[in-house]
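Here the structure comes first, spelled out in structure tokens, and everything after it is commentary.
The values are calculated or read from the model by the stated rules, or taken from the named source; none is laboratory data. All values reported here derive from a predicted model rather than from experimental measurement. Quick reminder, even Gly has a Cβ in these numbers, built from the backbone with ideal geometry, and neighbours come from all protein chains shown.
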Amino acid sequence: MIIEPDEPQFIPYPTGLLHLALRMPLTLFRLGLGDLLNVMRLLILTTRGRKSGQARHVAVEYRRHGSKIYVISGWGERPDWYQNLLADPLVTIQLGRQSLSALADKVTDPAEALRAVNLFRRDAPTRYDAVLGRLVDDEISGFKLPDVSPQFTIVRLDIIADEPLLPGLGMDRIWLWPVAIIALVLLVTLLGHSNHDNEEGT
């Protein structure tokens, strides 16, 4: 079942330059920097488009608790990736160079929601309290978390296989690195020759 969300959004939905900026991690992954994204605790989530049936990719921040992986939607149930996994919960997650199949499920248990939120805020509680507070339009503190945690749209990803059943995002832009290096070497060489010629002409 696909839910058409109507709850208020306290963080503006990304459009324009912000939308492009949020897709930048996908470009970095395609350039072969998946391990760097994983250090930043960003994974690539691949869902099946609910209308097109095609693989759709998005980078999301995650936290891991044992075999479970949690992500929090910054825009409630509105994002396409969330709507896609409601229609088909089978997803592919890419953690650095590792690709895994998982089943996605919305967290509805208040205790589990609280645990997931604490996983996010424990490293930098002040920063995450400010971000999480904007999601529910309320001031967040450790005392309030049990009351507000169920308001967040939290997804649990349960790993089911080591091999992805849905094609993930490819690192198909790695070839740009040697091209860029060659171009840089040529540019430096040309600039060096140009400076040398200018010195001889004076």
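Considering only residues in the stretch 12-38 that are under 20 Å from Gln98 (Cβ atoms) and without any contact (Cβ under 8 Å) to a residue 40 or more places away in the chain, the one that is nearest to the chain's Cα centre (by Cα) turns out to be Pro25. Checked against (1) in a helix (DSSP H, G or I); (2) in the same structural domain as Asp80 (by TED's automatic domain parsing); (3) modelled with pLDDT of 80 or more, Ile181 passes all but condition (2). Only strands (runs of 3 or more DSSP E) whose full extent lies in the stretch 66-151 are considered here, and the ones with at least 2 residues that are over 29 Å from Leu31 (Cα atoms) and in the same structural domain as Arg56 (by TED's automatic domain parsing) are 98-106.
What about Asp109, is it acidic (Asp, Glu) and either under 20 Å from Asp162 (Cβ atoms) or surrounded by 16 or more Cβ atoms within 10 Å (Cβ to Cβ) (or both)? So Asp109 fails the test.
Confirm whether Ser67 is of a type outside the set (D, E, K, R), surrounded by fewer than 21 Cβ atoms within 10 Å (Cβ to Cβ) and in contact with an Asp or Glu (Cβ under 8 Å, 6 or more places away or on another chain).
For Ser67, the condition - of a type outside the set (D, E, K, R), surrounded by fewer than 21 Cβ atoms within 10 Å (Cβ to Cβ) and in contact with an Asp or Glu (Cβ under 8 Å, 6 or more places away or on another chain) - is met.
Taking the residues in the stretch 35-64 that are among the hydroxyl-bearing types (Ser, Thr, Tyr) and surrounded by 19 or more Cβ atoms within 10 Å (Cβ to Cβ) as candidates, determine which candidate is nearest to Val107 (Cα to Cα).
Per the stated criteria, the residue is Tyr62.
Candidates in the stretch 70-93 are the residues that are within 16 Å of Asp158 (Cβ to Cβ) and touching a Ser or Thr at 6+ places or on another chain (Cβ under 8 Å); of these, the one that is surrounded by the fewest Cβ atoms within 10 Å (Cβ to Cβ) is Asp88. Within the stretch 26-41, the set of residues being out of contact with any helix residue (DSSP H, G or I) (no Cβ under 9 Å at 6 or more places or on another chain), among the aliphatic types (A, V, I, L, M) and more than 21 Å from Leu119 (Cβ to Cβ) comprises just one member, Leu26.
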